[in-house]
Amino acid sequence: MAGLASTLGAGAMTNSIREIEDVPVIFVIGSNTTESHPVVSYFMKRAVKKGSRLIVADPRRIDLTRWATRHFQHRVGSDIAFLNAVMNEIIRNGWHDRDFIEKHTEGFEQLRETVSRYTPEYAGEICGLRADEIRELARILGTAEKVGLFYTLGITEHITGTDNVRSCANLQILLGNIGKASAGVNPLRGQNNVQGACDMGVLPDVYTGYQKAAFPDVRRKFEAAWGIEKLPDGEGTKIPAMFDGIHHGDVRALYLIGENVVMSEPNQAHTVSALKKVDLLIVQDIFMNETAEHAHVILPAACFAETEGTFTNTERRVQRVRKAVEPPGLARDDWWITAELARRMGYDMGYTSAEQIWEEIRSVTPSMSGIAYRRIDHKGLQWPCTDEQHSGTCYLYCDNVFPCGKATFRPAEWKPPAEVPDEEYPFVLTTGRRLWQYHTGTQTRKSGGFNDICPEEMIEVNPDDARGLDIRDGDYVFVFSRRGRLKVKAWVTDRVTPGLCFMTFHFSEACANVVTNNAFDPIAGTAEYKACAIRLERA
Amino acid sequence: MDGRHIQTVDGNTVLNVARQNRIYIPTLCYHPKTRQAGKCRMCVVEVERMPGLQTACSLAAREGMVIHTSTQRVVETRKMIVELLLANGKHNCIACEANGACELQEVAYRLGIEKPSFPIAERDMPVDTSCPMIIRDMNKCIHCYRCVNGCNNIVVNEVLEMGYRGSRMTVVCDTDKPMGESSCVVCGECVQLCPTGALVEKKAMGKGREWDTNQTRTTCPYCGVGCQIRLHVRDNEIIKVTGEENVEPNFGTLCVKGRFGYDFVHSPHRLRKPLLRKNGRLEEVSWDAALDFTAEKLLEIKKTSGPGSIVGIGCARSTNESNYVMMKFMRAVVGTNNVDHCART
Ligand code: SF4
Ligand code: SF4
Ligand code: SF4
């Protein structure tokens, strides 16, 4: 979320889900909403029924396009060129919000300069769109009363992920679609508590509420709160560097909570060899999985239905999680296990309940200090919520005050994906999820009925390509990349354009991450799951 | 209303006024979410100086209205409607999953109906079990249109329609396909809205009825929308999930994962005991053994190679509280900022 933090200030959805129904123009880019965030898609579809226009920009003909006013099928990895050209057209026609730009933003001239090089003709070549299509989108967005922009991993999972996000933010700042209801820049979070994990400071550079670890004042505050003499300075390592560190011998112990990295990290072979090499692998999880098989110690955890606490949803809403059943066997709450380790290492956290931990979180996190369990018993509260009289924040920046003073344009240059198709690997593979399964499949595949609906992985291949390779619908194919090989069933469909293929990482038998590329965005540390080059062969 | 003076805002319906003032008016087709359908006529009331009976769900309250909600005429009419509905379907409560949570059963009970006074019509439509999650028994359908409205206007999946005419009238999926072969995305909104046992959750069959279960409000464990759900629990087992109506962010709606993806909790593959690798094999051990081993080993690595040689990856599915403790552990106890999680997904 570094892209949003550097333009607007906070790495979160600026607006709320319920506002979607009143967004006049909904612009969805890089989000397969009906499958990844179905309930959000209901709001979008209801808005369409009430007269909103829904604009989808996605390389695939995703289901949401059934309700879309227009669908722009730009090429995988061409987002920056695409958005820059749209902004160029908006500025050229004078559709930008001059008043807002003048009063509340910085860097407009640099943006104008950068995007001016992206003519619709030039960008059209990169995006595989006609120049008039780009002009049309610029007109739709530029002349709309308000636009709400929504994106997901299609934007972030690229080596240019941070710049992609910045481009989305640039567009919305340019149009003055910030600081009002039913507008904004809205990343939809994939996992239930990604927002919360970020908010809690499970990141190498920040403490809770994005308080910077580099600031001595912040460290002093936490040193005092925790009774620690000296907290570490300097930035920690991000996930990709952790695995590299193991290979180099700098990292000797890895404590993994609930992440099945063998399945979820790109370039599986690289991940597995790191897990085999590390001196101490601690896995804390609810299931035995492909990652835990390599562990030296496995700590069984309670799952969501067996624990008390809170999750924070994609719209910054802190909501209660409650215990409904007893955990199996000896499994315990995640926090209990970690605190026990701490105690045995000489530091007693002294927690006896989740609420006690939350009280401590509130006391060190100004943006959440107004959120108490008793206030969110029925309905969650959205941060910032600074005291107990505060009713939470539906949309950010309503007074046009940004954490860094003004909203900042961060112009970005387009760069092709780290790996582009060539003679040897002529197809682009992009990845994502399906409605019927979730993430690495550890939960849905163990729930009844799901495997009946979606029993195995399928790679989407365009009919033209399939014909050329003599592949029929339902045939098995081998997928090769520079990193690995897998066998999977083909689904011949025009959901994908010629030259493009699509897979998920839900199934260990055919996990896309065997072949995906572990090149990553240098700022966010996010790997390029959305584009790699592959070759197909009939099995 | 019923002799009480009630003030309300302009445009409020008589039904709303009654419900806000705890006056009982039964409805079968009206639901706060799908609103009036004008189908069942259960909500009839008598209004002075207005002819006939009026349906409360569609009647706007006005200054000076005098309303009677339970005159003999009203009650007789409601009784007749319910008796007709009961006679028109296969309403065998004893065997029905919806027993105890059925709105038809509830109104029949409230009106004191023991058995229909009309001859029971022969309805013998095959039960549709083609969907892995939902069972449709159209013999119990009372044609209230809630599911049709919900599917088309609330979740906008546009699968259900009322098909056929007269006595053959029934809800159809797409162009009358079995549900499992239709474009249904199994969100379960129709099941949640159905007032009878015509639509029920397959996996919950025989696992317990409304009165057997405890319900716990919590948050969906799948995607970042954070839908509010209710876990229905019997004997330490989650048997069903429903969406919490009337509250953000989802206002009762769910998707297939949130509604039907709960039984992983009780999977036999869950980890039940700490495991420690001994001689290359993972063996079950006590918490003390597992934690002491881990703590010692971490201390040793910290001492010999420095805190920077230890890294932690947190969990985007675990609670805020657990994530905070993990973050604190890495920074305060290990002494490193090497902590991250998969922020991308
Ligand atoms: S489950 Fe959802 S999509 Fe399927 S018929 Fe019911 S409401 Fe429609
Ligand atoms: S299936 Fe249920 S909700 Fe649908 S019309 Fe029949 S009774 Fe009403
Ligand atoms: S019910 Fe579906 S949309 Fe709602 S939080 Fe769960 S997974 Fe997300």
| field | Residues satisfying the stated conditions in the stretch B:245-280, i.e. open to solvent by 20 Å² or more (accessible area, probe 1.4 Å), over 27 Å from A:MET288 (Cα atoms) and away from ligand 1 (no atom under 16 Å from the Cβ) | value | B:ASN246
| task | Could you please let me know if A:THR393 is more than 7 Å from chain B (Cβ to nearest Cβ) and surrounded by 17 or more Cβ atoms within 10 Å (Cβ to Cβ)? | result | yes
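Do we have any residue at all in the stretch A:452-459 that's at pLDDT 90 or above, of a type in the set (A, V, I, L, M, F, W, C) and either over 29 Å from A:THR291 (Cα atoms) or in contact with a His (Cβ under 8 Å, 6 or more places away or on another chain) (or both)?
Keep residues of the stretch A:452-459 that are at pLDDT 90 or above, which gives A:459.
Cutting the leftovers down to of a type in the set (A, V, I, L, M, F, W, C) gives us A:459.
With either over 29 Å from A:THR291 (Cα atoms) or in contact with a His (Cβ under 8 Å, 6 or more places away or on another chain) (or both) added as a condition, the list becomes none.
No, the stretch A:452-459 has no match at all.
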| field | Top-ranked residue of the stretch A:254-296 - restricted to ones that are of a type in the set (Val, Ile, Thr) and assigned to a loop (DSSP other than H, G, I, E, B), ranked as nearest to B:ASN279 (Cα to Cα) | value | A:VAL278
| note | All-but-one check, A:VAL401 against (1) open to solvent by 40 Å² or more (accessible area, probe 1.4 Å); (2) assigned by TED's automatic domain parsing to the domain that holds A:LYS230; (3) not hydroxyl-bearing (Ser, Thr, Tyr), failing number (2)
| remark: Taking the stretch A:34-43 and keeping only residues that are more than 10 Å from B:VAL155 (Cα to Cα) and more than 7 Å from every other protein chain (Cβ to nearest Cβ), one is left with A:THR34, A:GLU35
| said: So, in the stretch B:177-229, exactly how many residues are open to solvent by less than 20 Å² (accessible area, probe 1.4 Å), in a strand (DSSP E or B) and either at pLDDT 95 or above or more than 17 Å from B:TYR262 (Cβ to Cβ) (or both)? | reply: 5
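This table checks each residue for (1) touching a strand residue (DSSP E or B) at 6+ places or on another chain (Cβ under 6 Å); (2) in the same structural domain as B:ARG209 (by TED's automatic domain parsing); (3) basic (Lys, Arg); (4) farther than 30 Å from B:ASP124 by Cβ.
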| position | (1), (2), (3), (4) |
| --- | --- |
| B:GLN36 | no, no, no, yes |
| B:MET42 | no, no, no, no |
| B:ALA56 | yes, no, no, yes |
| B:ALA61 | no, no, no, yes |
| B:VAL66 | no, no, no, yes |
| B:HIS91 | no, no, no, no |
| B:ALA101 | no, no, no, no |
| B:GLU106 | no, no, no, no |
| B:GLU114 | no, no, no, no |
| field | Inter-residue pairs, beta-carbon under 9 Å, first at positive phi and in the stretch A:83-104, second of a type in the set (Gly, Ala, Ser) and in a helix (DSSP H, G or I), 6+ apart | value | A:GLY94/A:GLY142
| Number of the condition not met by B:ARG165 [criteria: (1) over 24 Å from B:LYS207 (Cβ atoms); (2) touching a Gly at 6+ places or on another chain (Cβ under 8 Å)] | (2)
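Residue-wise test of (1) more than 7 Å from every other protein chain (Cβ to nearest Cβ); (2) away from ligand 2 (no atom under 16 Å from the Cβ); (3) free of Cβ contacts under 8 Å to residues at least 60 places away in the same chain; (4) not in a helix (DSSP H, G or I).
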position: B:LYS257; (1), (2), (3), (4): no, yes, yes, no
position: B:VAL265; (1), (2), (3), (4): no, yes, yes, no
position: B:PRO268; (1), (2), (3), (4): yes, yes, yes, yes
position: B:ARG277; (1), (2), (3), (4): no, yes, yes, yes
position: B:GLU283; (1), (2), (3), (4): yes, yes, yes, yes
position: B:ASP288; (1), (2), (3), (4): yes, yes, yes, no
position: B:LEU291; (1), (2), (3), (4): no, yes, yes, no
| said: Exactly one condition in (1) more than 7 Å from chain A (Cβ to nearest Cβ); (2) in contact with a Leu (Cβ under 7 Å, 6 or more places away or on another chain); (3) under 20 Å from A:ASN192 (Cα atoms) is false for B:ILE313; which is it? | reply: (1)
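The values are calculated or read from the model by the stated rules, or taken from the named source; none is laboratory data. Given the structure is predicted, the values throughout are model-derived calculations rather than measurements. Note: ideal-geometry Cβ built from the backbone for every residue, glycine included; neighbour counts use all protein chains shown. The protein model used for the area step is the full one, side chains on, heavy atoms only, and it has no ligands, DNA or RNA in it. Shrake-Rupley method; radii C 1.70, N 1.55, O 1.52, S 1.80 Å.
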